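I have placed the structure first, in the form of structure tokens, so that the comments after it can refer back to it.
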Amino acid sequence: MRILGIETSCDETSAAVVEETGDAAEPWAIRSNVVASQVAIHREWGGVVPELASRQHIRDICAVVERALAEAGTAWPDLGAVAVTQGPGLVGSLLVGVSFAKAAAAAARLPLVAVHHLAGHIESLVLQNGELPLPSVVLVVSGGHTSLYLVERPGAYQRLSRTRDDAAGEAYDKVAKLLGLGYPGGPVIDRLAKSGDDRAVVLPTTRLTHADRNAPELRGDLDFSFSGLKTAVLRHVRARQHDAAKRASFTDQEIADICASFQRVVVTALIDRVFVAARRYQALSVGVAGGVSANSRLRAELQARGARRDVPTFLPGLALSTDNAAMIAAAGLRKFRAGSTASFDLNADAALVL
Ligand code: KG4
Ligand code: ZN
């Protein structure tokens, strides 16, 4: 069976056709995965502008879906279902995908499958690597999310922890903005950090030891927090600006040192918790997915730590790490085979919980 996936939760309009292989170990194959990025539009504003994002999704969605079908050599009657991201995300953006998917599924008389965006990121690991050895601890780390999941059975996702404030990708984007490096911040900080000294700037490491009284699901040591780190970078930059003797702007080397020092703290915080959870839940594998999983230091350290601990590690390829519809199609196939379809009164849910 072939499924059409649609993803419009943030600033990428994406459609993909994914097919079942019949091989239980590597269940899915990508036939097409078209992504229309809006980065150029939002760059001017230093971040995603929700109103501009939803308007651009409306402009792009028809052509993106048509191209995904054409590249896959697939016509509507060849499809078995339509899967769409229901949430979480920007509600105006989500609504474009959900409305399109409902209309298309109704017109083509196809079942509709509602997918959680983070289930898509988790399944990007299976789409790339085949089924993971379970139980697996999976970190989803992007511009909107930093959450740790335990996957004990295929398609069963148990959240172990999440960030108490900023997502890691958000911290990358904010730090890049305050250093004047542009949007999105992750790729540029990643690149500049390569020529920096990662011990040059002393930045705080956050360790949460107690549950949050106001949010009982935030239990403690596996939770993440990145807003203090962002503020520490801001203080470092301000201190320099107030030091009249050194008022000149940062040199390229100083910028590289800040990037490297920031990145070391973020990557260490992420990887440490992945392996604490892996040990606690006796995981047979660990995975990292989402936009920040494209980070070169994170990829290298995950693999090195996994090799030292003798735990197999999994990552999506770069095209599957940032937002795309192939991962939504894959998660949709998983859900469809488990018997879960949506009705045509499906609504977008900006705060959908997994
Ligand atoms: O998964 P994604 O495409 O969208 C969300 O669901 O948020 O992730 C986008 C995030 C952005 O914050 C971006 O700065 C970050 O992923 N990112 C990176 C890298 N490439 C993208 N962060 C660190 N290093 C990278 N190489
Ligand atoms: Zn995402």
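The values are calculated or read from the model by the stated rules, or taken from the named source; none is laboratory data. Here the structure is a predicted model, which means the values were calculated and not measured. FYI the Cβ positions are ideal-geometry reconstructions off the backbone, even for glycines, and counts take in every protein chain you see.
Here are the numbers for this structure:
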{"item": "Hits in the range 313-348 - residues which are within 15 Å of ligand 1 (Cβ to nearest atom), of a type in the set (Val, Ile, Thr) and at pLDDT 95 or above", "result": "ILE328"}
{"item": "Scan of the range 276-311 for residues that are touching an Asp or Glu at 6+ places or on another chain (Cβ under 6 Å) and of a type in the set (Ser, Thr, Tyr), ordered by number", "result": "SER296"}
{"item": "Test for LEU229: is it part of a helix (DSSP H, G or I), within 16 Å of ligand 2 (Cβ to nearest atom) and crowded, with 16+ Cβ neighbours inside 10 Å", "result": "no"}
{"item": "Residue in the range 254-273 that is over 17 Å from LEU125 (Cα atoms), exposed (fewer than 14 other Cβ atoms within 10 Å of the Cβ) and not acidic (Asp, Glu) present", "result": "no"}
{"item": "Failed item in (1) more than 16 Å from ligand 1 (Cβ to nearest atom); (2) buried (at least 21 other Cβ atoms within 10 Å of the Cβ); (3) at positive phi, with GLY155 passing the rest", "result": "(2)"}
{"item": "Criterion (at pLDDT 95 or above, surrounded by 14 or more Cβ atoms within 10 Å (Cβ to Cβ) and charged (D, E, K, R)) met by exactly one of ASP198, ASP221, ASP165", "result": "ASP198"}
{"item": "Residue within the range 91-101 that is more than 16 Å from ligand 1 (Cβ to nearest atom), among the small types (Gly, Ala, Ser) and farther than 22 Å from ALA338 by Cα present", "result": "yes"}
{"item": "Of all residues making up the range 54-86, the number that are assigned to a helix (DSSP H, G or I), surrounded by 15 or more Cβ atoms within 10 Å (Cβ to Cβ) and among the aliphatic types (A, V, I, L, M)", "result": "6"}
{"item": "Residues of the range 86-122 that turn out to be of a type outside the set (A, V, I, L, M, F, W, C), within 14 Å of ligand 2 (Cβ to nearest atom) and more than 28 Å from SER285 (Cβ to Cβ), as a count", "result": "2"}
{"item": "Helices (runs of 4 or more DSSP H) wholly inside the range 247-354 containing at least 1 residues that are more than 16 Å from ligand 2 (Cβ to nearest atom), in contact (Cβ under 8 Å) with a residue 40 or more places away in the chain and among the basic types (Lys, Arg)", "result": "252-280, 296-309, 325-337"}
